[in-house]
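What follows draws every value from the coordinates through simple rules; no lab data is involved. Everything numeric here is computed off the predicted structure, so don't read it as measured data. Because the Cβ atoms are built from the backbone with ideal geometry, glycine has one as well, and the counts that use them run over all protein chains shown.
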Amino acid sequence: MATKTAEGAGTGTGAGTEARKDDETTAAVDARDGRAGQENAEEQVPDAAQEEASAEASSGEHGEDGDATEAAGGKASSGVGQGAGAVVSAALGLVSLSGGWIGTVASAREQLVGQLQTSSTASVARQIKEVYGDAWHTTALWAGLFALAALVTGVVVLVRPAFGAPGRPQAPWIRSVAWAGVSLGVIGLLLAVLKYSDALLGLPSAG
């Protein structure tokens, strides 16, 4: 009887020991899992922060690229407009010196009108003035208008950078062509005034 009691006590003690060992093992596993979960959470936090920083940096780069693209587009557009204006100024200056087809047509029309309005019995001086003088004055008038347009266009192109973005120089070829247009305009305007006032190539005398 005593032996059985001792054996039962030994068995109970062994079972209790094993139960404690199982509890300790479970607690150790739980603690290890908890540390692992905490480490994973800590790793995920920097990853999320890094992803957010990367997204912000990418957004900033795209914004800077967009601003740079818009600035480049504005600069290109401004340069194209000024270049076109300079070429137009030079072309108008050349037309003012040659008279252009519209000046030729206007002169021929004025000459025809003079022939229709002048009778055959009019004096020679009057016939010369009505048929030729008015036609030449019309040609000089149109040449002066073209010269004035060339002069104004060239001046606008030259002063345009003063009203644009600071620190943006004008292309040398644009300035050269614009100055050519201004020079041709001044010459054409001077010749037109001299011809219209009969100071240059005036009408011949009838006597």
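Miscellaneous remarks
- Kirkwood Rh in Å, taken over all unlike Cα pairs in the range 101-207: 16.1
- J(HN,Hα) series, the range 130-143, from Karplus relation 6.51 cos²θ - 1.76 cosθ + 1.60, nearest Hz, glycine and proline x: 6, 8, 10, x, 5, 5, 5, 5, 5, 4, 5, 5, 5, 4
- At full extension, Gln117 and Leu203 could sit 29.1 nm farther apart than now, given 0.36 nm per residue minus the alpha carbon distance.
- As a length-normalised measure over Cα pairs under 8 Å and 6 or more apart, the relative contact order of the range 75-188 settles at 45 percent.
- Among the chymotrypsin sites (Phe, Trp or Tyr not before Pro) found in the range 96-159, not one is both in a DSSP coil and sparsely packed, with 11 or fewer other Cβ atoms within 10 Å of its Cβ.
- Label-to-label distance, Leu141 versus Ser183, with points set 7 angstrom from Cα along the beta-carbon direction: 3.1 nm.
- At R0 = 25 Å, FRET efficiency that the Cβ-Cβ distance of Ala108 and Leu194 yields, to 0.05: 0.70
- Applying 1/(1 + (r/R0)^6) with r as the Cβ-Cβ distance of Ser176 and Val80 and R0 = 22 angstrom yields a FRET efficiency of 0.85.
- Charge sum, other residues only, whose C-beta stays under 14 Å from Lys129's C-beta, Lys/Arg counted +1 and Asp/Glu -1: -3
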